[in-house]
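Some notes on the structure that comes next.
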Amino acid sequence: LFVEPQWVPVSWVY
Amino acid sequence: ISALNTALVRVVKNSNTLGIAIEGGANTRQPLPRIVTIQKGGSAHNCGQLKVGQVILEVNGISLRGQEHEEAARIIAEAFKTKEKDHIDFLVAELG
């Protein structure tokens with residue numbers, strides 16, 4: 001079962 | 001993306017920051033960048049039409065489909081920095 005990584009990157013765009 | 005209501009939001013560069021935080025990008029469980037925070041006093045907040053939860057489909061007509069997180073963030077940052085335009089046009093999708 002291929003499971004997508006649960007972490008999601010977050011970035012601020014100033 | 002199934003039937004969504006999309007909106008074209010024009011963010012005028014009326015402060016020295018854009019002020020949004022985005023999550024996701026290609027190869028993550030959030031394949032298109034989603035707005036997770038909007039900073040008070042930034043141009044995005046001042047425009048009043050960008051909302052947390054909206055998904056950004058295009059920036060100035062450039063599709064973010066297939067763009068990895070860093071690249072999507074860079075495209076948005078460049079759109080804010082460029083002196084060629086005094087605004088950014090975001091095509092956003094409102095989910096739910």
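The values are calculated or read from the model by the stated rules, or taken from the named source; none is laboratory data. Note that this is a predicted model, so its numbers are computed, not measured. No Cβ is skipped: glycine too gets one built from the backbone with ideal geometry, and neighbour counts run over all protein chains shown.
For segment B:4-38, the set of residues classified as surrounded by fewer than 13 Cβ atoms within 10 Å (Cβ to Cβ) and assigned to a strand (DSSP E or B) consists of B:ASN5, B:LEU8, B:ARG10, B:VAL12, listed by residue number.
Out of B:GLU23, B:GLU71, which single residue is acidic (Asp, Glu), out of contact with any Phe, Trp or Tyr (no Cβ under 8 Å at 6 or more places or on another chain) and within 15 Å of A:TRP12 (Cβ to Cβ)? On inspection, the qualifying residue turns out to be B:GLU23. Residues in segment B:44-81 that are without any contact (Cβ under 8 Å) to a residue 40 or more places away in the chain and either touching a Lys or Arg at 6+ places or on another chain (Cβ under 8 Å) or among the acidic types (Asp, Glu) (or both): B:CYS47, B:ILE56, B:GLU58, B:ASN60, B:GLU78, B:ALA79.
The criterion of being within 9 Å of another protein chain (Cβ to nearest Cβ), assigned to a loop (DSSP other than H, G, I, E, B) and under 21 Å from B:LYS81 (Cα atoms) does not hold for B:LEU50.
Within segment B:39-77, the set of residues being surrounded by 16 or more Cβ atoms within 10 Å (Cβ to Cβ) and among the hydroxyl-bearing types (Ser, Thr, Tyr) comprises B:SER43 only.
Looking across segment B:61-85, the residues that are polar (S, T, N, Q) and within 14 Å of chain A (Cβ to nearest Cβ) come down to B:GLN67, B:THR82. Residue selection: B:ARG34 satisfies the criterion of being basic (Lys, Arg) and under 10 Å from the mean Cα position of the chain (by Cα).
Every residue, every condition in (1) at pLDDT 95 or above; (2) within 25 Å of A:TRP7 (Cα to Cα); (3) hydroxyl-bearing (Ser, Thr, Tyr); (4) in contact with a strand residue (DSSP E or B) (Cβ under 8 Å, 6 or more places away or on another chain), yes or no:
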| residue | (1), (2), (3), (4) |
| --- | --- |
| B:THR6 | no, no, yes, yes |
| B:GLY25 | yes, yes, no, no |
| B:ASN46 | yes, no, no, yes |
| B:VAL52 | yes, yes, no, yes |
| B:PHE80 | yes, no, no, yes |
